[in-house]
Ligand code: ADP
Ligand code: MG
């Protein structure tokens with residue numbers, strides 16, 4: 001009954017595969033991390049599914065991962081008895097790359113230099129496809145929990161793969177790699193060697209919560225001590241210790257980094273690691289990470305929030321939205337709560353007062369960690385901060401609108417473009433520090449781009465007087481800056497508004513004196529009429545020094561960030 005069908009890889013998938021086959025990533029060992037990570041996820045899922053669906057026919061007594069080696073045939077199999085995949089899932093998850101941002105990534109890869117390629121791919125994380133770095137053929141046999149027929153998927157990493165039904169497949173997934181020849185100079189180790197496998201598992205996957213087993217041959221004395229005999233014994237390769245539950249002094253940075261990669265599916269190290277242990281009536285431990293790069297879908301509707309919820313060491317859910325405010329949706333990590341029920345639902349979480357308190361506390365921890373980087377004397381920390389803000393600043397600023405309680409904390413860590421420097425942003429503290437005696441406001445001008453703002457006629461007087469003006473080009477800026485925000489007692493003041501006071505004597509507003517008004521009344525009337533389809537109003541202004549006119553634009557289309565904010569605000 002095994003009639004194999006041949007399918008074509010989707011174009012994007014094919015391109016990624018080609019990159020993998022020609023291995024732009026120098027550390028080939030990481031293929032095993034990716035496969036183990038997938039197996040571990042599959043075990044998490046089957047455990048959860050069996051708790052939620054009591055009728056599901058699935059055996060969860062001995063959930064584990066098995067490494068099976070065959071040095072003669074040069075194969076390595078990573079087997080799990082987890083959730084498995086249906087035939088459609090195999091086609092959908094492995095034959096195509098549905099993730100948003102793929103097209104963008106491939107565009108970038110095309111124009112990137114070879115050396116930047118691995119960097120870009122790291123940003124994306126190719127997961128399963130990394131198998132093709134070390135294998136010239138990959139076979140997946142899988143059966144979804146609760147289904148009777150399994151599926152075999154096979155590919156040589158070229159344009160096509162085959163797919164067939166397998167009537168007698170065990171539940172879970174077995175990924176078999178037909179390994180390329182060993183070439184240690186090229187980072188291709190012998191992945192059928194127990195020592196090599198042990199080393200890689202310890203390095204990358206020690207913390208996984210499920211046992212990773214391998215049959216190991218051991219030479220031992222026979223019972224009478226007369227001869228030696230070889231016995232084969234199962235060995236568990238990983239310690240399975242939950243990282244967040246171990247004292248900080250016992251965990252190395254490398255271990256934290258690998259854990260981060262497992263939960264985030266990122267290939268790059270995190271920028272910063274944060275730990276939190278709350279005791280008392282509602283006890284929890286949290287291990288949080290700031291990624292070093294923004295995911296490509298940060299501002300799309302599908303953007304996920306990355307915090308995982310565990311209850312007493314048991315994985316409960318991914319992307320737990322209730323644990324992190326939306327403007328910190330890029331934060332990854334784990335929260336392990338002691339006092340929740342194992343079958344806690346999203347609905348319960350949404351209503352729980354303790355959870356809300358936890359979210360506030362976690363958000364505070366993140367903001368204060370970033371504040372620590374801003375204020376640090378260490379240039380390394382300052383660099384981290386700059387990276388952080390360049391990647392996530394726009395996202396964090398949403399919080400200025402959606403989380404008024406945290407507004408001050410966010411303004412403390414915010415940086416903005418300014419007329420002072422074309423390539424360096426300024427924090428508000430630095431701006432205020434530079435304010436000359438007598439300047440009462442923090443001046444800003446909003447616009448679509450730095451260039452447009454700089455060219456704005458409103459800028460003329462400020463430029464000629466040498467007054468520093470913040471250049472706000474994110475759409476979200478328009479929403480908070482206008483709403484009575486203050487920093488260190490200074491209010492924000494748009495230089496496009498009438499009340500601007502540069503010489504200490506307030507210009508009343510845009511209005512000119514009566515005589516001038518009268519003189520131009522006819523012209524204005526004509527302009528209003530003629531431009532009625534284009535502009536709402538035409539007024540006289542006395543603030544322009546060289547330009548004859550300027551336009552105060554209405555807001556354009558809503559960007560995804562604004563749509564998101566409005567949604568959060570319930571509008
Ligand atoms: P990611 O893990 O980041 O989602 P991968 O390329 O590693 O991306 O895997 C793609 C998808 O294939 C996974 O999300 C999962 O749904 C499915 N998958 C991969 N390996 C397994 C497995 N061992 N068991 C069940 N599903 C798997
Ligand atoms: Mg994966």
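The values are calculated or read from the model by the stated rules, or taken from the named source; none is laboratory data. This structure is a prediction, so every number in the text was calculated from the model and none was measured. Methodologically, a virtual Cβ is constructed for each residue, glycine included, from the backbone with ideal geometry; neighbour enumeration extends over all protein chains shown.
Just to be sure before I move on: is residue 164 away from ligand 1 (no atom under 16 Å from the Cβ), within 30 Å of residue 55 (Cβ to Cβ) and either assigned to a strand (DSSP E or B) or in contact with a helix residue (DSSP H, G or I) (Cβ under 9 Å, 6 or more places away or on another chain) (or both) in the structure I sent?
Values: away from ligand 1 (no atom under 16 Å from the Cβ): yes; within 30 Å of residue 55 (Cβ to Cβ): yes; either assigned to a strand (DSSP E or B) or in contact with a helix residue (DSSP H, G or I) (Cβ under 9 Å, 6 or more places away or on another chain) (or both): yes.
In short, yes.
In region 42-66, which residues are under 29 Å from residue 232 (Cβ atoms) and out of contact with any helix residue (DSSP H, G or I) (no Cβ under 6 Å at 6 or more places or on another chain)? Step through it out loud before you land on a result.
Keep residues of region 42-66 that are under 29 Å from residue 232 (Cβ atoms), which gives 42-43, 46-47, 58-66.
Within region 42-66, 42, 43, 46, 47, 59, 61, 62, 64, 66 qualify.
Can you work out which of the residues in region 240-296 that are over 24 Å from residue 34 (Cβ atoms) and assigned to a helix (DSSP H, G or I) is nearest to ligand 2 (Cβ to nearest atom)?
Here the answer is 245.
With respect to residue 131, determine if the residue is surrounded by 17 or more Cβ atoms within 10 Å (Cβ to Cβ) and either outside any helix (DSSP H, G or I) or modelled with pLDDT of 95 or more (or both).
Details: surrounded by 17 or more Cβ atoms within 10 Å (Cβ to Cβ): yes; either outside any helix (DSSP H, G or I) or modelled with pLDDT of 95 or more (or both): no.
The answer is no for residue 131.
Please go through (1) within 16 Å of ligand 2 (Cβ to nearest atom); (2) closer than 24 Å to residue 185 by Cβ for residue 22 and return the number of the only condition it doesn't satisfy.
(1)
Among the residues in region 362-376, are any in a loop (DSSP other than H, G, I, E, B) and either more than 27 Å from residue 392 (Cα to Cα) or modelled with pLDDT of 90 or more (or both)?
Of region 362-376, the ones in a loop (DSSP other than H, G, I, E, B) are 376.
Now restrict to residues that are either more than 27 Å from residue 392 (Cα to Cα) or modelled with pLDDT of 90 or more (or both): 376.
The answer is yes, given that some residue of region 362-376 is in a loop (DSSP other than H, G, I, E, B) and either more than 27 Å from residue 392 (Cα to Cα) or modelled with pLDDT of 90 or more (or both).
So which residues in region 467-487 are at pLDDT below 90 and farther than 20 Å from residue 395 by Cα?
If the condition is that a residue be at pLDDT below 90 and farther than 20 Å from residue 395 by Cα, then 484 is the only one that fits.
I need a count of the residues in region 277-307 that are in contact with a helix residue (DSSP H, G or I) (Cβ under 6 Å, 6 or more places away or on another chain), surrounded by fewer than 22 Cβ atoms within 10 Å (Cβ to Cβ) and under 19 Å from residue 41 (Cα atoms).
Residues in region 277-307 being in contact with a helix residue (DSSP H, G or I) (Cβ under 6 Å, 6 or more places away or on another chain), surrounded by fewer than 22 Cβ atoms within 10 Å (Cβ to Cβ) and under 19 Å from residue 41 (Cα atoms): 1 in total.
Name the one entry in 77, 60 that is assigned to a loop (DSSP other than H, G, I, E, B), modelled with pLDDT of 90 or more and surrounded by 15 or more Cβ atoms within 10 Å (Cβ to Cβ).
Checking each option against the conditions leaves just 60.
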